[in-house]
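Written below as structure tokens is the structure these notes are about.
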Amino acid sequence: MKSRIRVLAFLAAGVTAVLGLATSVAPTASAVTTTTATTAHSDGTQPGAARSVPVCATALPGHASCFARIRTDVHGGTGVRGPAAGRATAAAATLPAGLSPTDLRAAYSLPATGGAHQTVAIVDAGDDATAEADLAVYRTTYGLPACTTANGCFTKANQRGAATPLPPDQGWSVEIALDLDMVSAACSQCHILLVEADDATTDNLAASVDEAVALGANEVSNSYGGPESSDSARLAPHYSHPGVAILASSGDNGFQPASAPAVYSSVIAAGGTTLTRVTNARGWSETAWSGAGSGCSAWFAKPAWQTDPNCPGRMVADVAADADPNTGPAVYCTQGCRGWAIIGGTSASSPFLAGVVALGGHPGRFPDASYLYAHASGLNDVVGGNNSVSGMDCGGDYQCNAVVGYDGPTGWGTPRGLADF
């Protein structure tokens with residue numbers, strides 16, 4: 001009974017937060033964040049510890065924010081690194097800091113090949129002029145096959161499906177680089193489609209999802225969102241394409257009002273974990289990342305396949321992967337960052353999981369997340385950690401604590417091979 005009371009209080013708070021959003025937003029819809037702090041950091045770390053900052057500013061009403069977080073204490077140089085650097089300096093001959101594709105495949109027991117006939121789309125706002133060149137550096141560094149416009153693996157299009165004109169930069173270049181690299185890490189043989197919305201308005205991003213499907217995407221990753229509202233239902237049909245798996249990040253602000261588009265019943269909501277290398281049989285351990293978004297919807301009914309007891313509406317998230325910037329992947333970008341960086345947020349888990357679905361080769365199984373719920377035994381159950389960093393507390397409930405079985409921050413868990421995909 002106590003947990004139900006807390007949920008109802010949370011729903012009321014969520015509606016208030018949504019309706020009051022206009023009074024607490026940043027001055028621009030999307031912008032690269034360059035400020036640093038000298039007190040406790042927004043990601044919960046203390047001064048002197050590894051820290052991260054959001055790439056995008058809080059969204060204005062009618063806009064979405066990307067969910068990438070970049071480490072400010074790591075600067076890994078530029079250009080190809082590791083063995084592929086050849087006769088370079090000693091520093092260049094060392095792989096960059098951050099998890100590599102090999103690390104992520106090992107952590108999640110994924111094959112190195114597969115998905116050659118799948119096209120994974122990522123939808124983002126604005127153009128990243130160096131996206132293809134930066135992707136080439138990442139893939140060369142880690143020995144992944146080339147993915148270029150010339151060989152037909154990489155395609156960039158505007159929201160109308162044309163190669164030109166491309167939209168102006170919206171400050172999402174770091175997000176775009178993260179998305180491209182995470183799809184590559186999970187599925188190096190997949191084709192990648194980058195659809196660039198005119199701007200970060202929710203209408204244009206939704207239209208871009210439709211265009212990604214029209215251009216042949218089998219999976220579509222959306223690493224953005226904003227608090228659900230009474231207007232969210234209007235855009236839900238754009239995120240429902242039977243035969244195509246649609247994924248979205250759950251958010252980076254912990255337990256809060258559910259984020260749209262992740263809250264749509266047709267979308268696989270991607271939560272986040274802290275992934276740590278350890279000396280156990282798996283070689284890795286995971287807990288809930290403190291920033292991973294979770295929430296009980298105040299606007300969308302609970303799908304029949306979702307049966308958690310204390311949320312009367314749609315509960316976010318469904319599944320998860322590494323999202324903690326402190327245990328995040330290496331990413332290469334030259335627009336908005338200085339080459340090699342470590343970037344996290346649930347913006348990392350959504351495109352990575354889209355790549356995992358592509359590796360499985362059965363996107364038609366995912367008109368929603370119900371297949372994951374029916375086959376949850378094939379996932380790594382994440383136990384430990386919570387996401388009560390936003391000031392909202394679920395009182396020890398599964399909605400903000402990673403517990404045995406289903407929970408809000410990590411859903412049913414993380415990939416353990418392709419058994420659940």
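The values are calculated or read from the model by the stated rules, or taken from the named source; none is laboratory data. From a predicted model like this one, the values you see are computed outputs, not experimental measurements. Every residue, glycine among them, receives a Cβ derived from its backbone with ideal geometry; neighbour counts consider all protein chains shown. For the accessible areas, the whole protein counts, side chains as well, though only heavy atoms, and no ligand, DNA or RNA atoms are used. Shrake-Rupley method; radii C 1.70, N 1.55, O 1.52, S 1.80 Å.
For residues in the stretch 261-274 being outside any loop (DSSP other than H, G, I, E, B) and open to solvent by less than 10 Å² (accessible area, probe 1.4 Å), which is nearest to SER294 (Cα to Cα)? Explain how you work it out, then say what you get.
Residues of the stretch 261-274 outside any loop (DSSP other than H, G, I, E, B): 268-274.
Remaining after also requiring open to solvent by less than 10 Å² (accessible area, probe 1.4 Å): 268-273.
Numbers: ILE268: 13, ALA269: 9, ALA270: 10, GLY271: 7, GLY272: 10, THR273: 12 Å.
Here the residue is GLY271.
Going by the structure shown, is GLY251 part of a loop (DSSP other than H, G, I, E, B), at positive phi and open to solvent by less than 20 Å² (accessible area, probe 1.4 Å)? Before you say what the answer is, go through the steps one by one.
Working: part of a loop (DSSP other than H, G, I, E, B): yes; at positive phi: yes; open to solvent by less than 20 Å² (accessible area, probe 1.4 Å): yes.
When the stated conditions are applied, GLY251 passes them.
Considering the stretch 317-339 alone, what residues qualify as being farther than 24 Å from ALA129 by Cα and polar (S, T, N, Q)?
Answer for the stretch 317-339, where residues must be farther than 24 Å from ALA129 by Cα and polar (S, T, N, Q): ASN326, THR327.
Could you say which residue among PRO303, PRO312 is over 20 Å from the mean Cα position of the chain (by Cα), at negative phi, touching a residue at least 40 places away in the same chain (Cβ under 8 Å) and open to solvent by 20 Å² or more (accessible area, probe 1.4 Å)?
Numbers: PRO303 fails: open to solvent by 20 Å² or more (accessible area, probe 1.4 Å).
Testing whether each residue is over 20 Å from the mean Cα position of the chain (by Cα), at negative phi, touching a residue at least 40 places away in the same chain (Cβ under 8 Å) and open to solvent by 20 Å² or more (accessible area, probe 1.4 Å) leaves just PRO312.
I'd like the full set of residues that are under 19 Å from ASP252 (Cα atoms), hydroxyl-bearing (Ser, Thr, Tyr) and buried (at least 23 other Cβ atoms within 10 Å of the Cβ), limited to the stretch 60-108.
The one that is under 19 Å from ASP252 (Cα atoms), hydroxyl-bearing (Ser, Thr, Tyr) and buried (at least 23 other Cβ atoms within 10 Å of the Cβ): SER65.
Residue by residue through the stretch 158-187, note down the ones that are of a type in the set (A, V, I, L, M, F, W, C) and more than 21 Å from the chain's Cα centre (by Cα). Can you show your working first?
We begin by selecting, within the stretch 158-187, every residue of a type in the set (A, V, I, L, M, F, W, C); these are 162-163, 166, 172, 174, 176-178, 180, 182-183, 185-187.
ALA162, ALA163, LEU166, listed by residue number.
Against the condition touching a helix residue (DSSP H, G or I) at 6+ places or on another chain (Cβ under 6 Å), modelled with pLDDT of 95 or more and of a type outside the set (Val, Ile, Thr), how does LEU180 come out, does it pass?
On the way: touching a helix residue (DSSP H, G or I) at 6+ places or on another chain (Cβ under 6 Å): yes; modelled with pLDDT of 95 or more: yes; of a type outside the set (Val, Ile, Thr): yes.
So LEU180 passes the test.
When you go through (1) touching a residue at least 40 places away in the same chain (Cβ under 8 Å); (2) closer than 30 Å to CYS153 by Cα; (3) not aromatic (Phe, Trp, Tyr) one by one for ALA233, which number turns out not to apply?
Every listed condition holds for ALA233 apart from (2).
May I ask you to verify whether ALA258 is surrounded by fewer than 24 Cβ atoms within 10 Å (Cβ to Cβ) and under 27 Å from ASP407 (Cα atoms)?
Taking the combined requirement at face value, the residue does not satisfy it.
Could you check how many residues of the stretch 372-396 are small (Gly, Ala, Ser) and in a strand (DSSP E or B)? Steps first, answer last, please.
Our first condition is that a residue be small (Gly, Ala, Ser); within the stretch 372-396, this holds for 374, 376-378, 384-385, 388, 390-391, 395-396.
Cutting the leftovers down to in a strand (DSSP E or B) gives us none.
Total meeting the criteria: 0.
Considering (1) out of contact with any Phe, Trp or Tyr (no Cβ under 6 Å at 6 or more places or on another chain); (2) among the aromatic types (Phe, Trp, Tyr); (3) open to solvent by 10 Å² or more (accessible area, probe 1.4 Å), say which one PHE366 fails and leave the rest.
All conditions are met except number (3).
Out of the stretch 279-300, which residues are open to solvent by 50 Å² or more (accessible area, probe 1.4 Å) and of a type outside the set (D, E, K, R)?
THR279, ASN280, ALA281, THR287, TRP299
Scan the stretch 119-130 residue by residue and report those that are of a type outside the set (A, V, I, L, M, F, W, C) and either out of contact with any Asp or Glu (no Cβ under 7 Å at 6 or more places or on another chain) or open to solvent by less than 10 Å² (accessible area, probe 1.4 Å) (or both).
Step one: filter the stretch 119-130 for residues of a type outside the set (A, V, I, L, M, F, W, C), giving 119, 124, 126-128, 130.
THR119, ASP124, GLY126, ASP128, THR130, listed by residue number.
Can you spot a residue in the stretch 383-404 that is within 18 Å of LEU275 (Cβ to Cβ), open to solvent by less than 30 Å² (accessible area, probe 1.4 Å) and over 20 Å from the mean Cα position of the chain (by Cα)?
Yes, the stretch 383-404 contains a residue that is within 18 Å of LEU275 (Cβ to Cβ), open to solvent by less than 30 Å² (accessible area, probe 1.4 Å) and over 20 Å from the mean Cα position of the chain (by Cα).
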